[in-house]
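Visitor: The structure under discussion is supplied below as structure tokens; questions concerning it will follow.
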């Protein structure tokens, strides 16, 4: 006799559009994609809400701390928890989200595959994946920055730190038809990114490894890099500044995201100390993407 399906849990929160997007963005970046899925959704009456689906009962105090960071205490206090019947919980939370366009890139699910026009670069990320689907400002900001810089430069040695679903590595590989090294501290994320690269016909270009920081032998062998993409969070970005700088080529570009608007100056300061200067700032839904250039130092390829 088959076992009864497990119930799951959903956390609800009503918010204005800007706060909903900020909250969903931070939760999507912070929660384990194997056990949680988050989306900011618009209701027919024009109001917005955040839904977070969990396989198991969530740690509400920890969840509230993240919401405080993203949008303040009043939203954290408004969180409600509901126990729901078993369902295809991740798919239900993300199905129906429209494709996301960022410059030439279109991030879409399988159901929208035929809607990508020939002048766009489609990146298919299955709805069953809870993060890196392009629906919040960090990923969209990185894609916009990548699209703009690839129109004027063709970097040859690329690194995607904290790759998540692999969406940025795939975007770069499909644009340039060149190799990209993608790293993630989470073995499951690395596995997902590898599968997504293959599904997007970029598997020959994207090499995915499990690595914390920039000390992996595979990374050292590929350095120096002309372009680094790092969509993470402020503290790990600050810690990466010093060890990453010696692995950059002269005039290398570094794209940083996972930053709330109020955190941008702290990230810029950490990289300015390593000889990088700000070239561009993109703000979307309260999140900031920074494009920096190595104006001093850098390692020339032998």
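The values are calculated or read from the model by the stated rules, or taken from the named source; none is laboratory data. Predicted model, so just to flag it, every value in this text is computed and none were measured. So basically every Cβ, Gly included, is an ideal-geometry build from the backbone, and we count neighbours across all protein chains shown.
Visitor: So, in segment 216-241, how many residues would count as being in contact with a helix residue (DSSP H, G or I) (Cβ under 7 Å, 6 or more places away or on another chain) and more than 11 Å from residue 181 (Cβ to Cβ)?
Guide: At the first step, the residues of segment 216-241 found to be in contact with a helix residue (DSSP H, G or I) (Cβ under 7 Å, 6 or more places away or on another chain) are 223-225, 228-231, 233-234, 237-238, 241.
Those left that are additionally more than 11 Å from residue 181 (Cβ to Cβ): 224, 230-231, 233-234, 237-238, 241.
Here the count works out to 8.
Visitor: Let me ask something else about it. Given segment 153-242, what helices (runs of 4 or more DSSP H) lie entirely inside it while holding 3 or more residues that are surrounded by fewer than 17 Cβ atoms within 10 Å (Cβ to Cβ)?
Guide: Values: elements: 167-176, 187-199, 217-222.
Those helices (runs of 4 or more DSSP H) span 187-199, 217-222.
Visitor: Go through segment 284-302 and report how many residues are free of Cβ contacts under 8 Å to residues at least 40 places away in the same chain and either under 27 Å from residue 19 (Cα atoms) or surrounded by 15 or more Cβ atoms within 10 Å (Cβ to Cβ) (or both).
Guide: Step one: list which residues in segment 284-302 are free of Cβ contacts under 8 Å to residues at least 40 places away in the same chain, which gives 290, 292, 296, 302.
Restricting the remaining residues to those that are either under 27 Å from residue 19 (Cα atoms) or surrounded by 15 or more Cβ atoms within 10 Å (Cβ to Cβ) (or both) gives 290, 292.
Qualifying residue count for the region: 2.
Yes/no per residue for (1) assigned by TED's automatic domain parsing to the domain that holds residue 214; (2) within 19 Å of residue 185 (Cβ to Cβ); (3) more than 16 Å from the chain's Cα centre (by Cα):
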| residue | (1), (2), (3) |
| --- | --- |
| 239 | yes, yes, yes |
| 253 | yes, no, yes |
| 278 | yes, no, yes |
| 284 | yes, no, no |
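Visitor: Okay, next question. Say we look at segment 8-33 and pick out the residues that are at pLDDT below 80 and surrounded by 14 or more Cβ atoms within 10 Å (Cβ to Cβ); which of these is nearest to residue 232 (Cα to Cα)?
Guide: Within segment 8-33, the first condition is being at pLDDT below 80, and the residues that meet it are 8, 28-29, 32-33.
Restricting the remaining residues to those that are surrounded by 14 or more Cβ atoms within 10 Å (Cβ to Cβ) gives 8, 28-29, 33.
Values: 8: 28, 28: 11, 29: 7, 33: 14 Å.
Looking at the filtered set, the residue picked out is 29.
Visitor: So which of 162, 137, 122, 132 is under 24 Å from residue 222 (Cβ atoms) and modelled with pLDDT under 90? Even if it seems obvious, please write down each step before you answer.
Guide: Details: 162 fails: modelled with pLDDT under 90; 137 fails: under 24 Å from residue 222 (Cβ atoms); 122 fails: under 24 Å from residue 222 (Cβ atoms).
Testing whether each residue is under 24 Å from residue 222 (Cβ atoms) and modelled with pLDDT under 90 leaves just 132.
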